[in-house]
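Report on the following structure.
The values are calculated or read from the model by the stated rules, or taken from the named source; none is laboratory data. No experiment lies behind these values; they were computed from the predicted model shown. Glycine gets a Cβ as well: all are built from the backbone with ideal geometry, and neighbour counts include every protein chain shown. Calculation scope for accessible area: heavy atoms of the full protein, side chains included, ligands and nucleic acids excluded. Shrake-Rupley method; radii C 1.70, N 1.55, O 1.52, S 1.80 Å.
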Amino acid sequence: MADSAPHTNPPSGRDYSEYGFASRAVHTGVDKDGQYRSATTPIYPTSTFVWDDVRTNRGYDYTRSANPTRRALEENLASLCGGVDCRVTCSGMAAVDLACHLLNSGDHMIAGRDIYGGTYRLFHDVLPKRGIRVSFVNLSDPDEVAAAVSENTRALWIETPSNPLMNVHDVRALVKVAKEKGLFTIADNTFLSPALQRPIELGVDVEVHSTTKYINGHSDVIGGAVVAGSEEYAKGIAFACNALGLGGSPFDCWLTLRGVKTLGVRMKKHEENALAVAQFLFEHPAVEKVHYPGLRRHPGHELAKSQQDGFGAMLSFETAGDMRFAQNTLTGTKLVMLAESLGGIESLWQYPFLMSHASMSEEARRAGGINEHLIRLSVGIEDADDLIADIGAALEAASAKA
Ligand SMILES: *Cc1c(COP(=O)(O)O)cnc(C)c1O
C-alpha cells in the first residue's frame, strides 16, 4: 500500500500520443498482458500482488492503490482528455468528491447554479460539514463569478453545457477570471465527453467525468474519472484516491475500457440524432421551447462552436399545457425510456422537476429554471426516424388527454 505516486506503475509498452483521438481511444493503455500478449486488457481480479523480495514488486502491490486493468483505463482517459494523469473511481460522484479533496477545511468554492443534482447535494449538504463552503452563481456572467470571490476562495467548478437547461458557459473567460483571482478550475465534462470538449486544452486544471455516461456509453457500469491537467494536481488526486479508497473495480474498468473504444463513432451518431430530434421538437406545436446548443437560435450556439467539437446529444424542452401534459408525454413512448441517467446508446428521458433535480429545494430548482414543463432527453443511437415517430406519438397522445 505504497504512497501511490502518480507514475510508479509500469507504463504500457507503447506511446500512442502522436495518433488521432479515435486511434488513441482504441489503443492507449491496452497492452498490459506481457505474458500472452492478449489484444485486449485482461481483468486482473486480485486484491494483492506478490513481491519478488521485500524491496521489489512488478509495479503493483495492492488493488486499492493501483490495478493493471484500472491503470489501462486511466492511461486511456488521461490521453483522451489531454491530461498528465488520471484516477478512475467507483462512481461519478466519487470523482466529484475526489476532486473536492484538493480543497481544505476553511476553503471556499464557486459553482454554477444549474449543475448536476447530485453534485449540488454534495456541495450544499456535505462539503459544509468538512468546513468547505460553496457559493452558487450564474456562470454565464464572469463578473458575477469575480464578485463572488472572497479571501479564502480557492476553486471554481465549471459544468458546461449545464444540466438540464443546456446553458453554454465560456470556459476560456471563466479560466481567465479564475487565473486573475488565483483560483484553480475543475470542469465536469460528463455531458460532452473528451470526444467533443477538452477543458484541459482550454486552460482548466482538473477534469471530472461520470464515466457512467458517454465514456462507457452502454448504461451497464457506474464509474468516474478525475484527470489532472498538470503534475501539480496529479499528486494530490492520486494520494486522495488511494487514501480514501475510491478506485473503481477491475471488472467495471474492463467494461468501461471496452466502451471507450467506440466513443468517437458513438458521439457522431448521438449528435446526428440529437439535431434531428431537436429540429422536430422545435417545429412541434405542443413544444414551447427547445434547449439544444446545436440549434442556430440557441443563445449558446456560437460559443459552443468556439469551444466544442460538436453539440452533443443532451437536450431539454418545455411542453405546452400544464404539468400533466409533460408527465403524460413521458410515459407515452415505446423506444425512449423514462429513466434517469444519460449518455447510453439507448434514448432516455426524464422529468428533472421530480426526478434528477428533486434533491434541490423548490426555490433552488426555480432559480435554476427547472419547472414542471421541462423534459430532459438523452438521445441515443437508434434510427432517428424511429425516435421522431416515437416522441411524436407520445406528444399526440398527451394532447388527446389534455
Ligand atoms: C451522472 C453525473 C454525475 C454523477 O455520476 P455517477 O456516476 O452517477 O455517480 C456527475 N456529474 C454529471 C454531469 C453527471 O451527469
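Values as computed for the structure displayed
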{"item": "Within the accessible area of the chain (1.4 Å probe), percent carbon and sulfur", "result": "52"}
{"item": "Sparse-neighbour loop sites [chymotrypsin sites (Phe, Trp or Tyr not before Pro); the stretch 196-287; at most 13 other C-beta within 10 Å; DSSP]", "result": "none"}
{"item": "P(r), alpha carbons of the chain - 20 Å bins starting at zero, rounded %", "result": "28, 55, 16, 1"}
{"item": "Mean-position separation - Cα centroids, the stretch 226-242 and the stretch 291-312, in angstrom", "result": "31"}
{"item": "Label-zone membership for the stretch 306-344, site ALA393, 7 angstrom Cα→C-beta point, backbone N under 11 Å", "result": "332-336"}
{"item": "Under the Karplus curve 6.51 cos²θ - 1.76 cosθ + 1.60, θ = phi - 60°, whole-Hz ³J(HN,Hα) for the stretch 32-49, x wherever Gly or Pro sits", "result": "9, 9, x, 7, 10, 6, 4, 6, 10, 5, x, 7, 9, x, 9, 7, 9, 10"}
{"item": "1.4 Å probe accessible area per residue over the stretch 264-401, in Å²", "result": "43"}
{"item": "Percentage, to the nearest whole number, of Cα pairs in the stretch 21-260 over 29 Å apart", "result": "27"}
{"item": "From phi via Karplus (6.51, -1.76, 1.60), per-residue ³J(HN,Hα) for the stretch 86-99 in Hz, x at Gly/Pro", "result": "8, 10, 9, 10, 7, 7, x, 5, 5, 5, 4, 5, 4, 4"}
{"item": "Computed FRET value (nearest 0.05) for PHE282 with GLU144, which takes r as the C-beta separation and R₀ as 41 Å", "result": "0.85"}
{"item": "Gain in span if fully extended, VAL26 to SER359, counting 0.36 nm per residue against the direct Cα distance", "result": "116.1 nm"}
{"item": "Pairs from LYS213/LYS268; LYS213/LYS289; LYS32/LYS261; LYS213/LYS261 whose Cα-Cα separation, in the structure shown, is over 19 Å", "result": "LYS213/LYS289"}
{"item": "Per residue accessible area in Å² of the stretch 21-260, where ligands, DNA and RNA are left out and the probe is 1.4 Å", "result": "38"}
{"item": "Difference of contour (0.36 nm per residue) and Cα-Cα distance, LEU338 to ARG297", "result": "12.0 nm"}
{"item": "Too-long pairs where the Cα-Cα distance tops 25 Å, listed order kept, from LYS334/LYS401; LYS235/LYS269; LYS235/LYS305; LYS179/LYS305", "result": "LYS235/LYS269; LYS235/LYS305"}
{"item": "Amide N proximity, the stretch 242-266 versus ASP309 label position 7 Å along Cα-to-Cβ, cut-off under 14 Å", "result": "261-266"}
{"item": "Amide H contacts of LYS289 (H built 1.01 Å from N, under 5 Å, at least 5 apart or other chain)", "result": "GLU318"}
